[in-house]
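Q: Let me give you the structure first, and then I'll get to my questions.
The values are calculated or read from the model by the stated rules, or taken from the named source; none is laboratory data. Note that the structure is predicted; figures quoted are calculated from it, not measured. Cβ sites come from the backbone with ideal geometry, for glycine too, and all protein chains shown count toward neighbours. Side chains included, ligands, DNA and RNA excluded: accessible areas come from the protein's heavy atoms. Shrake-Rupley method; radii C 1.70, N 1.55, O 1.52, S 1.80 Å.
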Amino acid sequence: MLDDNAHMRSLMRAILSSFGVRNVEEAANVWEGFEVMARQKVDVAFVDYRLGDLDGAEFVRRVRNDEESSDPFLPIIMITAYSERSRVYQAINAGVDEFLVKPIRAVDVASRINAIIERRRPFVRSPDFFGPDRRRKKDTRYKGPWRRIEDPGTFSI
């Protein structure tokens, strides 16, 4: 759990403990988060959006893209009080698996963990992105090899 708020870390620890999670590592800033990842295997990272000198989105980008990252495929759930569309897109474009808005409920945490376990999206690498496929729905209108409307030879809406 990477969050600069000790109360939030304590709440997440209690929620995860109620699910039977025995080992929860905590970090108050990005650098502590990297230290935790360097010394042990992390199964899932819960990352706050707003942190100290580096925000959660930058942490995610570094986990996904840094050559020294211990696990670029680490499942990451972003937790934040900022629910503006631009922030959600920024987190998704950084490479988060799931997004959760505060205040959190145990059922929502369980839902995001379940999504990572049951429906994890495949990873995509492009010149400017590495992370879980940002598309969540299959477009039934799709008829060719191109994936975006701007690509040559695609359908128009």
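Q: Determine if the range 62-74 includes at least one residue that is crowded, with 18+ Cβ neighbours inside 10 Å, of a type in the set (Lys, Arg) and closer than 26 Å to GLU118 by Cβ.
A: Looking through the range 62-74, at least one residue is crowded, with 18+ Cβ neighbours inside 10 Å, of a type in the set (Lys, Arg) and closer than 26 Å to GLU118 by Cβ.
Q: Residues to consider are VAL30, VAL60, VAL47; find the one that is at pLDDT 95 or above, in contact with a strand residue (DSSP E or B) (Cβ under 8 Å, 6 or more places away or on another chain) and farther than 22 Å from VAL107 by Cβ.
A: The conditions single out VAL60.
Q: Moving to a separate point now. With (1) among the charged types (D, E, K, R); (2) open to solvent by less than 60 Å² (accessible area, probe 1.4 Å); (3) without any contact (Cβ under 8 Å) to a residue 24 or more places away in the chain as the list, and ARG13 as the residue in question, which single condition is left unmet?
A: (2)
Q: Among the residues of the range 108-123, is any of a type outside the set (A, V, I, L, M), at pLDDT below 90 and open to solvent by less than 50 Å² (accessible area, probe 1.4 Å)?
A: Among the residues of the range 108-123, not one is of a type outside the set (A, V, I, L, M), at pLDDT below 90 and open to solvent by less than 50 Å² (accessible area, probe 1.4 Å), which makes the answer no.
Q: Within the range 16-37, restricting attention to residues that are aromatic (Phe, Trp, Tyr) and in contact with a helix residue (DSSP H, G or I) (Cβ under 9 Å, 6 or more places away or on another chain), which residue is surrounded by the fewest Cβ atoms within 10 Å (Cβ to Cβ)?
A: PHE19
Q: So, in the range 1-10, of the ones that are out of contact with any Lys or Arg (no Cβ under 6 Å at 6 or more places or on another chain) and closer than 17 Å to VAL42 by Cα, which residue ends up most open to solvent (accessible area, probe 1.4 Å)?
A: Residue satisfying both the conditions and the ranking: ARG9.
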